[in-house]
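The values are calculated or read from the model by the stated rules, or taken from the named source; none is laboratory data. Worth saying up front: this structure is predicted, and the values here are computed from it rather than measured. All Cβ positions, glycine included, derive from the backbone under ideal geometry; neighbour counts span all protein chains shown. Protein only, heavy atoms only, side chains kept; ligands, DNA and RNA dropped before computing areas. Shrake-Rupley method; radii C 1.70, N 1.55, O 1.52, S 1.80 Å.
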Amino acid sequence: MEGNETACLETDIGQAVRDLIDRIGDKWSLLIIGMLRTGQQRFGELQRRIPGISQRMLTLKLRSLERDGLITRTVHAEVPPRVEYELTEMGQTLIEPALGLALWAVKQQPAISEAREAFDNW
């Protein structure tokens with residue numbers, strides 16, 4: 001590759017990574033994705049299983065994940081309407097790396113806490 005092509009590719013990769021981190025790196029998105037890994041769930045189920053999330057925030061995050069193609073929303077014509085959410089095929093491919101990151105964070109937390117304390121006391 002020539003210099004300009006390499007720079008363009010690096011810019012595209014950087015943009016893709018930033019976009020992904022912006023989308024799933026927030027407080028709630030990975031939790032929602034993790035909850036949906038077991039299959040379809042209704043809004044109320046998700047809200048009960050994710051302590052501290054407000055109805056408004058759950059609605060915003062679900063819409064955002066749906067917009068990105070990571071989840072689907074199915075409305076059943078019932079009274080009252082039943083709405084279910086589930087991971088798309090693409091959303092399912094996020095489970096393994098997300099769980100890997102979560103396990104890494106849990107495993108490394110003591111070392112991270114120790115490093116922070118050492119840094120703060122320096």
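Here is how the numbers come out for the structure above:
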quantity	calculated
Surface share of carbon and sulfur [accessible, 1.4 angstrom probe, percent] for region 26-119	57 percent
Surrounding net charge for Leu60, when Lys and Arg each add one and Asp and Glu each subtract one, Cβ distance under 15 Å	+3
Phi to ³J(HN,Hα) by Karplus 6.51 cos²θ - 1.76 cosθ + 1.60 over region 38-51, Hz, x for Gly, Pro	8, x, 4, 9, 7, 3, x, 4, 4, 5, 5, 7, 10, x
Helix-only mean residue ellipticity at 222 nm for the chain, each DSSP H run of n ≥ 4 adding -39500 (n - 2.57), per residue, nearest 500	-21000 deg cm²/dmol
For the chain, built as a Gaussian network whose Cα springs stay under 10 Å, the top-fluctuating residue of Arg63, Arg42, Arg18	Arg18
Distance from region 74-106 to region 15-66 (C-alpha centre basis), Å	8 Å
Degrees between helix 95-120 axis and first principal axis of the chain (Cα, 0 to 90, nearest 10)	50 degrees
Measure of compaction for region 1-117 (Cα Rg per 2.2 N^0.38 Å)	1.32
Check: the chain dipole with +1 on Lys, Arg Cβ and -1 on Asp, Glu Cβ, in debye	820 debye
Degrees separating the helix 3-24 axis from the principal Cα axis of the chain, which is the longest one	50 degrees
Positive-end residue, the chain charge dipole about Cα centroid, Cβ charges, pick of Leu31, Pro80, Leu46	Pro80
Neighbour count of at most 14 Cβ within 10 Å plus DSSP loop: longest GluC sites (Glu not before Pro)-free window in the chain	3-77
Cut-off under 5 Å, modelled amide H: who pairs with Arg42 long-range	Tyr85
Label-point separation in nm, Asp22 to Met57, each point 7 Å along Cα→Cβ	2.1 nm
